[in-house]
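Asks: First the structure, then my questions, so here it is.
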Amino acid sequence: MQKLKMGVCGTLLATSMLGMPVVSAYAAEAAAHQDDVLIVTARKREETLLEVPMSIAAFSEKFLEDLRVNSLEDALQYAANVDFDDFQNDSFSGSIAIRGVVRLTDVEEPGYGLYKDGVYIGSSVVGLDEFTDLARLEILKGPQGGLYGRNAIGGAINVITNQPVNKIEGRFAFTAANFDRQEYRGTINVPIIADKFFVRINGFLIDQDGGKAVSSVTGDQLDAVHSAGLRGQAKLLVNDDIDVTWTAEWLDADQPAAIILSSRTTPPGENEGALVYSSEHGVKRDVLHLYQTLNWRVGEGTFTNIVSFRSMDVDSRTGFSPFVGTGGAVRQSEQDNWFVEARYVSDRGEDFDYVVVAFPLKTGPL
């Protein structure tokens with residue numbers, strides 16, 4: 001039976017210039033890695049990290065690159081009071097806990113808000129995409145319902161990608177490792193019309209044929225990885241007051257699911273002493289994400305409108321070795337999310353400023 005969920009939240013937030021921010025040591029180090037002051041958008045406006053009166057861990061692009069952080073799961077290791085729990089030993093059926101707020105099963109909604117470029121990634125499946133071409137990562141700790149609404153009880157996580165710019169630039173990285181692992185990552189930015197229209201394309205390919213886990217029953221390689229992703233962005237400067245950015249993302253990930261060691265070994269006389277693994281299938285995930293962001297400078301502030309459609313299909317199959325037990329697990333889920341946000345952010349005042357936010361979310365089926 002299909003279910004549709006609809007959530008709507010409207011917020012008016014007025015802030016004074018009082019309050020002292022609380023930042024983590026790693027956040028301070030991330031800021032120190034940059035020549036300029038680290039700018040964050042935790043409160044829906046551009047501010048320096050030290051101006052934000054809340055507990056926040058923020059990581060710059062250089063900090064993430066220096067530590068070779070390629071996923072959200074990796075980044076969470078450097079944030080205090082934040083943890084990742086993988087229910088099935090795979091990165092897209094787990095849960096993130098911020099200050100102890102965590103879901104108890106992998107079918108519940110998360111207790112935090114996960115946002116990418118301002119778009120709410122609503123799903124009972126975490127769906128942690130590979131980190132590619134990121135500008136920064138922000139982890140807000142504590143209730144954030146005032147600005148982030150649904151599920152932001154424990155906090156909110158902002159993943160911000162680099163945007164198209166008015167210059168030619170590009171990069172390419174190749175990594176080779178044991179178990180025949182190869183990683184290709186590349187980015188190119190080109191101004192199609194100078195000072196008017198820019199395009200940025202980023203992609204990655206990860207291929208690993210071998211690994212440590214081999215089924216002693218079938219001989220199959222259990223921890224092979226084959227993932228590919230592509231993101232295209234186009235930005236149009238309509239005039240001095242209006243700009244529009246269109247983004248299209250595609251992800252095809254085929255990774256191992258749970259790999260569980262059995263306490264038993266193979267039957268006597270058949271590879272005695274060899275460990276038996278219970279996982280014989282992996283997890284395949286297909287994601288398509290389309291979104292548009294409009295910024296309009298009007299009056300004494302900026303109006304922003306975001307419209308997003310995200311479709312995700314997950315197929316997880318785990319079979320059990322006959323020497324361990326019988327049966328198996330099959331998990332299939334499909335989810336289509338429509339997200340719209342409209343907000344108005346006033347200019348920064350000496351004593352008073354405000355933010356007005358409204359965002360409906362439609363989810364289904366799951």
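The values are calculated or read from the model by the stated rules, or taken from the named source; none is laboratory data. Predicted, not measured: the structure shown is a model, and the values here were computed from it. Here the Cβ is made from the backbone with ideal geometry for all residues, glycine too, and neighbour counts use every protein chain on show. We work out accessible area using only protein heavy atoms, side chains counted, and drop any ligands, DNA or RNA first. Shrake-Rupley method; radii C 1.70, N 1.55, O 1.52, S 1.80 Å.
Asks: Search the structure for amide H atoms under 5 Å from the amide H of Arg136, placed 1.01 Å from N in the peptide plane, and list their residues when 5 or more places away or on another chain.
Replies: Ile160
Asks: Once amide H atoms are built 1.01 Å from N in the peptide plane, which residues 5 or more positions from Arg103, or in another chain, come under 5 Å H to H?
Replies: Gly111
Asks: Mind scanning Lys44/Lys284; Lys116/Lys362; Lys284/Lys362; Lys44/Lys235; Lys62/Lys235; Lys141/Lys284 and naming the pairs with a C-alpha gap bigger than 28 Å?
Replies: Lys44/Lys284; Lys141/Lys284
Asks: Just by accessible area at a 1.4 angstrom probe, what is the order of Ile192, Ile160 from largest to smallest?
Replies: The residues order as Ile192, Ile160, largest area first.
Asks: So what J values fall out for region 191-206 if you push phi through Karplus, 6.51 cos²θ - 1.76 cosθ + 1.60 with θ = phi - 60°, rounded to Hz, Gly and Pro as x?
Replies: x, 6, 10, 4, 6, 9, 9, 10, 10, 9, 10, 9, x, 8, 9, 10
Asks: What trypsin sites (Lys or Arg not before Pro) in region 140-194 are in a loop by DSSP, with at most 14 other Cβ atoms within 10 Å of the Cβ?
Replies: Values: sites: Lys141, Arg150, Lys167, Arg171, Arg181, Arg185; in loops: Arg150, Lys167.
In loop regions of region 140-194 (DSSP not H, G, I, E or B), the sparsely surrounded trypsin sites (Lys or Arg not before Pro) are Lys167.
Asks: For region 141-204, divide the Cα radius of gyration by the Kirkwood radius and give the resulting Rg/Rh value with two decimals.
Replies: My calculation puts Rg/Rh at 1.21.
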